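Undergrad: Structure provided below as structure tokens; questions to follow.
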Amino acid sequence: MAEVARTTESNNNVDAVVETLKTRFGDRCATSAALREQHGHTTTWIKTQPPDAVVFAQTTEEVSEIVKLCAEAKVPVIAYGTGTSLEGHVNAPEGGISIDVSDMNRILEVHPEDLDCVVEAGVTRKQLNSYIRDTGLFFPIDPGADASIGGMVATRASGTNAVRYGTMKDAVVALTVVMADGSIVRTGGRAKKSSAGYDLTRLMVGSEGTLGIITEITLRLHGQPEAISGGVCPFPDVQSACNAVITTIQMGLPVARIELLDSLQVRACNQYSKLDLPETPTLFLEFHGSEAGVKEQSEMFSAIAEELGGGQFQWATVAEDRTKLWAARHDAYWAGKSLKPDADIMVTDVCVPISRLADCVLATAEDIAAEGLLAPIVGHVGDGNFHVQILVDLEDPGQVKKAKGFIERLSLRAIDMGGTCTGEHGVGQGKRKYMQREHGNALEPMRAIKRALDPDNIMNPGKILP
């Protein structure tokens, strides 16, 4: 557990804030070591840096009250949803107060006729889809974890459906945000578009809690498709699979999901999820639409795959079979870990223009082989985004150094190809060092925004900006 270096005055400020919060919130203000470490916990390799206390807020007004108290004392505040982020987003490098919004899990409004809903930040994606299933609508953004909607907004999350339905920046209509001074701001209404003023909604999407704490979200929903068709298609090598993806996207084929698993990831999924796929680079696909449209799209992809050396396409026409396939895809993290159960995982992601996908994945696979790493590749390749899970012993400095070197080369490779060091995991602490290379002079306007909205740097300090 990392120690927090602070002045005596800072410690006194924190102690006073914690005592006030205990008086105000009782058992909902916790200071036990286990709970604090859980709220500094990250699901990857970055060391835990726990907050000084955790407060379980239940309303926007309570979040505002907590932030006002912290602002007066210049004590950091860190928003916490489900803790599934991967780049150290919820760590507290300067200590402070973790505001857990998991109790803010109410679905406030659903407007089927307008295809939107309003939810609190602690609602999870599975909870929302279960609630609205009978309306004929669904929320399509699906990161592997059952993340909170607030966290998904904060990290600009994505998922397997992004190639057709977009990412969180496309799904968010408006937000309620508690700013660094504790004021409550609403960034828009429910109209589908507006030309009135700065787009504060987009500013907050992806801000990772560094500009404000998101408490309510208005989301765009979609109609459940009339027909769904999906399946798997093996390829002789990664390059052929990537070229099939590139051709599919460039032809404008409206695929809903198109996911790449390299041969090692297929082996892991077979082992963990009890599949029996050929252990070769494989694409998982799904098409949404009318019966006729889905049939036509499926046939068009089959022709593309055959031309590029793809094997026999195995269609999963039964809903239960499709569910099993996509459950296996969403469990890729745990499947990868099963390859070496006693190992730790260092997870990373990048995203490149679709035309450079094959180049980037192939160079990455060669880098993995050259370094002798055990690191399956899996990705939302329809939008040029892929992930690498590196299995290492975090107690072995040599292995960690080798893995960090690989992550750096991968991040810079993606940036140099016109891409980004992170397609959906976010920056957090782990990717801060690449922000200068990716954004250059654009970092100064970002810093100016941060200074203007959070002059005392209390909102999730130590994240995003290098």
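Undergrad: Looking at (1) in contact with a Phe, Trp or Tyr (Cβ under 8 Å, 6 or more places away or on another chain); (2) assigned to a helix (DSSP H, G or I); (3) open to solvent by 60 Å² or more (accessible area, probe 1.4 Å), which is the only condition Ile228 fails?
TA: That leaves (2) as the condition not met.
Undergrad: Does Tyr272 satisfy being touching a helix residue (DSSP H, G or I) at 6+ places or on another chain (Cβ under 7 Å), of a type in the set (Ser, Thr, Tyr) and either modelled with pLDDT under 95 or part of a helix (DSSP H, G or I) (or both)?
TA: yes
Undergrad: So in the range 123-163, with the set limited to residues that are among the β-branched types (Val, Ile, Thr) and surrounded by fewer than 21 Cβ atoms within 10 Å (Cβ to Cβ), which one is farthest from Ala174 (Cα to Cα)?
TA: Only one residue fits best here, namely Thr135.
Undergrad: For the subset of the range 177-195 comprising residues that are outside any loop (DSSP other than H, G, I, E, B) and open to solvent by less than 10 Å² (accessible area, probe 1.4 Å), which member is nearest to Val255 (Cα to Cα)?
TA: Checking each candidate, the answer is Val177.
Undergrad: Looking only at the range 200-214, decide whether some residue is in a strand (DSSP E or B), hydrophobic (A, V, I, L, M, F, W, C) and open to solvent by less than 40 Å² (accessible area, probe 1.4 Å).
TA: Scanning the range 200-214, I find at least one residue that is in a strand (DSSP E or B), hydrophobic (A, V, I, L, M, F, W, C) and open to solvent by less than 40 Å² (accessible area, probe 1.4 Å), so the answer is yes.
Undergrad: Please tell me if Pro455 is in a loop (DSSP other than H, G, I, E, B) and surrounded by fewer than 15 Cβ atoms within 10 Å (Cβ to Cβ). Reasoning before the result, please.
TA: On the way: in a loop (DSSP other than H, G, I, E, B): yes; surrounded by fewer than 15 Cβ atoms within 10 Å (Cβ to Cβ): yes.
Against the criterion (in a loop (DSSP other than H, G, I, E, B) and surrounded by fewer than 15 Cβ atoms within 10 Å (Cβ to Cβ)), Pro455 qualifies.
Undergrad: Return yes or no: is Glu113 free of Cβ contacts under 8 Å to residues at least 24 places away in the same chain and open to solvent by 20 Å² or more (accessible area, probe 1.4 Å)?
TA: In short, yes.
Undergrad: Does the range 328-387 hold any residues that are of a type in the set (S, T, N, Q) and touching a Leu at 6+ places or on another chain (Cβ under 7 Å), and which are they?
TA: Within the range 328-387, Thr348, Thr364 meet the criteria.
Undergrad: Return the residues of the range 153-169 that are in a helix (DSSP H, G or I), of a type outside the set (A, V, I, L, M) and closer than 21 Å to Thr215 by Cβ; say none if nothing qualifies.
TA: Result: Lys169, single match.
Undergrad: Out of the residues in the range 1-19 meeting the condition of being polar (S, T, N, Q) and crowded, with 16+ Cβ neighbours inside 10 Å, tell me which one is modelled with the highest pLDDT.
TA: First pass over the range 1-19, keeping only residues polar (S, T, N, Q): 7-8, 10-13.
Next, from what is left, pick out any that are crowded, with 16+ Cβ neighbours inside 10 Å: 10, 13.
Numbers: Ser10: 74, Asn13: 91.
Result: Asn13.
Undergrad: Run down Glu87, Glu120 and say which single residue is crowded, with 19+ Cβ neighbours inside 10 Å, among the charged types (D, E, K, R) and modelled with pLDDT under 95.
TA: Glu87
Undergrad: Would you mind telling me which numbered condition in (1) assigned to a loop (DSSP other than H, G, I, E, B); (2) surrounded by 14 or more Cβ atoms within 10 Å (Cβ to Cβ) Gln312 fails?
TA: (2)
One line per residue, one yes/no per condition, for (1) touching a residue at least 24 places away in the same chain (Cβ under 8 Å); (2) charged (D, E, K, R):
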{"site": "Lys401", "(1), (2)": "no, yes"}
{"site": "Phe406", "(1), (2)": "yes, no"}
{"site": "Arg409", "(1), (2)": "yes, yes"}
{"site": "Met417", "(1), (2)": "yes, no"}
{"site": "Thr420", "(1), (2)": "yes, no"}
{"site": "Arg437", "(1), (2)": "yes, yes"}
{"site": "Glu444", "(1), (2)": "no, yes"}
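Undergrad: For the range 331-355, name all the residues that are within 21 Å of Arg156 (Cβ to Cβ) and buried (at least 18 other Cβ atoms within 10 Å of the Cβ). Spell out the reasoning first.
TA: Step one: filter the range 331-355 for residues within 21 Å of Arg156 (Cβ to Cβ), giving 332-333, 347-354.
The answer is Ala332, Tyr333, Val347, Thr348, Asp349, Val350, Cys351, Val352, Ile354.
Undergrad: Please count how many residues of the range 377-416 are in a loop (DSSP other than H, G, I, E, B) and buried (at least 24 other Cβ atoms within 10 Å of the Cβ).
TA: Selection size over the range 377-416: 1.
The values are calculated or read from the model by the stated rules, or taken from the named source; none is laboratory data. Note that the structure is a prediction, hence the values are computed from the model and not measured. Cβ: placed from backbone, ideal geometry, glycine included. Neighbour counts: every protein chain shown. These accessible areas exclude ligands, DNA and RNA; they are computed on the full protein's heavy atoms, side chains included. Shrake-Rupley method; radii C 1.70, N 1.55, O 1.52, S 1.80 Å.
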